[in-house]
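I have placed the structure first, in the form of structure tokens, so that the comments after it can refer back to it.
The values are calculated or read from the model by the stated rules, or taken from the named source; none is laboratory data. Just so you know, these numbers come straight off a predicted model, no measurement behind them. Glycine also receives a Cβ, built like all others from the backbone with ideal geometry; neighbour counts cover every protein chain displayed. Side chains included, ligands, DNA and RNA excluded: accessible areas come from the protein's heavy atoms. Shrake-Rupley method; radii C 1.70, N 1.55, O 1.52, S 1.80 Å.
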Amino acid sequence: MSLTTEYLQGRGVPFELVPHEKAFTSIDEARALGIEADVVVKTLLLDTASGHALAVIPGDRRLDMKLVEEVMGDRHAHLATEQEIERDVPGIELGSMPPLGGLLKAHAYVDPEVMRHETVVFAAGVQTESIKARTQDVFRDEAVTVAKLTKDFAEQLG
């Protein structure tokens, strides 16, 4: 049992644990599971003036740091380095960060596109397991701010 599954069980969140081939990115994870990449949630650790925060976005999108800076009111917010992740988030393998701020002791900023899905799939903290659960169950009782963190293709052109 992983830290992530223990945490979800402790919160009473129903979920399905899905083993798969080793995946380092959300796109690899979607491919390994045979599902669309937008259903897979990508979680990125951010360094901010007030400590770590999580950015939770659809797996087929890219984080827009200008939007992150606006939402957080912190123009120095940036992605944590691999060394910082390994140091500050023990027990979680690189590339497999779950979107659970309560587990990781970090506030989660969730893109509204994530919340539009009935269910989400996300890394379970290890590169060979994912979790499938109802979106509302995952984020219930978690400290989250729903805010636009990505632009769709049309917005990027304009």
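Please enumerate the residues belonging to the stretch 33-70 that are among the acidic types (D, E) and either touching a residue at least 12 places away in the same chain (Cβ under 8 Å) or open to solvent by less than 60 Å² (accessible area, probe 1.4 Å) (or both).
E36, D38, D47, D60, D64, E69, listed by residue number.
Can you name every residue in the stretch 1-32 that is open to solvent by 40 Å² or more (accessible area, probe 1.4 Å) and in a helix (DSSP H, G or I)?
L3, E6, Y7, Q9, G10, I27, D28, R31, A32
Listed here are the residues, each with its yes/no results for (1) over 21 Å from R11 (Cα atoms); (2) of a type in the set (S, T, Y); (3) in contact with a Ser or Thr (Cβ under 7 Å, 6 or more places away or on another chain).
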| site | (1), (2), (3) |
| --- | --- |
| E82 | yes, no, no |
| I92 | no, no, no |
| L104 | no, no, no |
| V121 | no, no, yes |
| Q127 | yes, no, yes |
| I131 | no, no, yes |
| Q136 | no, no, no |
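Filter the stretch 73-98 for residues that are under 23 Å from I27 (Cβ atoms), in a loop (DSSP other than H, G, I, E, B) and not charged (D, E, K, R) and give the result.
A80, T81, V89, I92, L94, G95, S96, M97, P98
Taking E70 as the residue in question, decide whether it is more than 15 Å from A133 (Cα to Cα), assigned to a helix (DSSP H, G or I) and out of contact with any strand residue (DSSP E or B) (no Cβ under 6 Å at 6 or more places or on another chain).
yes
To keep it simple, each residue is scored yes or no on (1) under 22 Å from P19 (Cβ atoms); (2) of a type outside the set (F, W, Y); (3) over 15 Å from the mean Cα position of the chain (by Cα).
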| position | (1), (2), (3) |
| --- | --- |
| A55 | no, yes, no |
| P58 | no, yes, no |
| D74 | no, yes, yes |
| A80 | no, yes, no |
| E86 | no, yes, yes |
| A108 | no, yes, no |
| H117 | yes, yes, no |
| Q127 | yes, yes, no |
| D152 | no, yes, yes |
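When the residues of the stretch 130-144 are filtered to those that are open to solvent by 50 Å² or more (accessible area, probe 1.4 Å) and of a type outside the set (A, V, I, L, M), which remaining residue is nearest to E16 (Cα to Cα)?
Out of the qualifying residues, it is K132.
State all residues of the stretch 145-158 that are in a loop (DSSP other than H, G, I, E, B), open to solvent by 50 Å² or more (accessible area, probe 1.4 Å) and modelled with pLDDT of 75 or more; if no residue qualifies, say none.
K148, K151
For the stretch 80-103, what are the residues that are surrounded by 15 or more Cβ atoms within 10 Å (Cβ to Cβ) and either more than 23 Å from D141 (Cα to Cα) or acidic (D, E) (or both)?
A80, I85, D88, E93, G95
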